[in-house]
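Written out below as C-alpha cells is the structure these notes cover.
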Amino acid sequence: MKFFIDTADLDEIQEASEMGVLNGVTTNPSLMKIAAERAGQSLDFHEHIARICDMVPGDVSAEVTAVDFDGIMAQGRALAAIRDNVVVKVPLILDGIKAINALAQEGIRSNCTLCFSPTQALLAAKAGAAYISPFLGRVDDISSEGMNLLQEIIHIYENYGYTTEVLAASIRHPMHVLQSALLGAHVATMPLGVIKKLLKHPLTDIGLAKFLGDWDTFKQNQAG
Ligand code: G3P
C-alpha cells in the first residue's frame with residue numbers, strides 16, 4: 001500500500017518524508033489555503049507545487065480550479081508541465097470526465113477527485129483516470145458508510161481489470177487506514193497526524209519503559 005500525505009504544508013511533508021514511508025502527496029485548494037495561512041504569506045501555486053515535487057520522488061496531485069473543459073485542459077497542461085511527477089487532480093463532473101479522457105490521450109495522468117459513488121468511479125476508470133479518490137470521511141460525515149463505497153469501487157475495478165489506482169481519501173483516523181488496507185486500496189492519503197497515530201500503542205510505550213528501567217538496573221548491578 002502506498003502512503004500519500006494529504007497536505008500542502010512543506011514542514012509536514014518534510015517530517016513525513018523523513019519517516020521514510022512517504023510515496024506521494026495530495027493537495028487541494030483548501031489545503032493550499034491552509035498552507036499559505038500557516039506560512040503567513042501568499043504562495044505562488046505553481047512554484048509551491050514544484051517545491052513539493054522536489055521533496056518527494058512519488059506522485060504529487062495538484063488540483064485544477066476550472067470547471068469547464070477548456071479551462072481544465074489549460075490548467076491541467078500547465079500543472080503537468082511543472083514536473084514529471086505531477087498528477088492533475090480533476091473534479092468528478094461532466095467536463096472533468098471529458099478532460100480526464102483528453103488529458104490521458106496527451107499522456108497526462110489525472111487523479112479524479114470528489115468521488116462519492118461507485119458509478120462515478122466506474123466513469124472515471126473508463127475515462128482513463130490514473131487515480132480515483134473516494135472521500136471516505138465525508139461519506140461517514142453524512143451518516144453513510146465510506147468503507148462500503150471503497151469496497152464497491154475495488155470490486156468493480158477488479159471485475160473488469162481497470163488499472164486506475166484506488167486512492168482512499170478524506171481519511172480521518174487509523175481505522176480508515178486499516179480498513180482501506182484490508183480492502184486492498186492501492187493508496188491511502190492522510191494528514192500527518194494520522195500517519196503518526198499509526199505507530200502509537202500504549203503497550204509499546206509501557207514495554208519500552210520497562211526495558212529501559214531494567215537496563216538501568218542491570219548496569220547498576222554490573223557496576224556493583
Ligand atoms: O484527500 C481529500 C481530503 O483532502 C479531504 O479530506 O478531511 O477535508 O474530508 P477532508
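The values are calculated or read from the model by the stated rules, or taken from the named source; none is laboratory data. What you see is a predicted model, and the numbers here were worked out from it, not measured in a lab. Cβ: placed from backbone, ideal geometry, glycine included. Neighbour counts: every protein chain shown. In case anyone asks, the SASA skips ligands and DNA or RNA and just uses the protein heavy atoms, side chains included. Shrake-Rupley method; radii C 1.70, N 1.55, O 1.52, S 1.80 Å.
About the Cα centre of the chain, what is the dipole size in debye to 20, counting +1 per Lys and Arg Cβ and -1 per Asp and Glu Cβ, all else neutral?
Values: 17 positive and 26 negative charges, 57 e Å.
Around 280 debye, computed over the chain.
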By how many nm would the segment from Phe69 to Thr119 lengthen if fully extended, with 0.36 nm per residue of separation less the alpha-carbon distance?
-> 15.9 nm
Rounded to whole Hz, the Karplus (6.51, -1.76, 1.60) HN-Hα couplings of the stretch 63-77, x for glycine and proline = 9, 6, 10, 6, 10, 10, 3, 5, x, 4, 4, 5, 5, x, 5
Assuming R0 = 25 Å, can you tell me the calculated FRET efficiency for the pair Glu106 and Arg83, based on Cβ-Cβ distance, to the nearest 0.05?
-> 0.95
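Ordered by packing density, taken as the mean number of other Cβ atoms within 10 Å over each peptide's residues, highest first, how do 63-71, 145-153, 111-119 rank?
Working: 63-71: 15.9, 145-153: 19.4, 111-119: 21.6.
Packing proxy ranking, top to bottom: 111-119, 145-153, 63-71.
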Rounded to the nearest 10 Å², the accessible area of Leu212 using a 1.4 Å probe with every protein chain kept is 100 Å²
For the stretch 1-89, size of Cβ-based charge dipole, Lys and Arg +1, Asp and Glu -1, in debye | 180 debye
At a Cα cut-off below 21 Å, give the lysines reachable from Lys196, other chains included and same-chain residues fewer than 8 away excluded.
-> Lys2
What value, in deg cm²/dmol to 500, does the helix sum -39500 (n - 2.57) over DSSP H runs of n ≥ 4 give at 222 nm once divided by the residues of the chain?
-> -17000 deg cm²/dmol
Taking all protein chains together and a probe of 1.4 Å, list Met19, Met55 from the most accessible to the least accessible.
-> Met19, Met55
With Cα atoms, 0 to 90° folded angle of helix 10-19 axis to the chain main axis = 60 degrees
Simple spin-label estimate for Ala181/Gln14, 7 Å along Cα→Cβ, in nm, reads 2.8 nm
From largest accessible area down, sort Lys98, Lys89; use a 1.4 Å probe on the protein chains.
-> Lys98, Lys89
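What relative contact order, as a whole-number percentage, does the chain give when Cα pairs under 8 Å and 6 or more residues apart are counted? Each step should come with its number before you reach the end.
Numbers: 386 pairs, mean separation 37.4, N = 224.
For the chain, the relative contact order is 17 percent.
Given contacts defined as C-alpha pairs under 8 Å and at least six residues apart, what's the relative contact order of the stretch 23-108, whole-number percent? Walk me through the intermediate numbers first.
Values: 104 pairs, mean separation 24.8, N = 86.
Across the stretch 23-108, relative contact order equals 29 percent.
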Most mobile of Ile49, Ile142, Ile82 per a Gaussian network model of the chain (Cα springs, under 10 Å)?
-> Ile142
Give, to the nearest whole percent, the P(r) tail of the chain beyond 22 angstrom, counting all Cα pairs.
-> 54 percent
The stretch 131-182: equivalent-ellipsoid semi-axes (sqrt of 5 x gyration tensor eigenvalues, Cα, Å) = 19, 11, 10
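Given a 1.4 Å probe and heavy atoms of the protein chains only, how would you sort Val88, Val21, largest accessible area at the top? Present the calculation step by step, with values, prior to reporting the outcome.
Details: Val88 0, Val21 60 Å².
If we order Val88, Val21 from most to least accessible, we get Val21, Val88.
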With +1 on each Lys and Arg Cβ and -1 on each Asp and Glu Cβ, and nothing else charged, work out how big the dipole of the stretch 30-152 is about its Cα centre, in Debye to the nearest 20.
-> 140 debye
Among Pro134, Leu114, Ile97, whose Cα lies farthest out toward the positive end of the dipole of the stretch 83-149, if unit charges sit on the beta carbon of Lys, Arg (+1) and Asp, Glu (-1)?
-> Ile97
Descending Cα extents along the principal axes, the stretch 7-105, whole Å = 38, 27, 20
For the stretch 122-130, in residue order, the Karplus 3J(HN,Hα) values (coefficients 6.51, -1.76, 1.60; θ = phi - 60°; whole Hz; Gly and Pro = x) are 5, 4, 4, 5, 5, 6, x, 5, 6
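Given R₀ = 45 Å, what would the calculated FRET efficiency be for Ala50 paired with Thr217, taking r from the Cβ atoms and rounding to 0.05? Spell out each step's value before the answer.
Working: r = 54 Å, r/R0 = 1.20.
The computed FRET efficiency comes out at 0.25.
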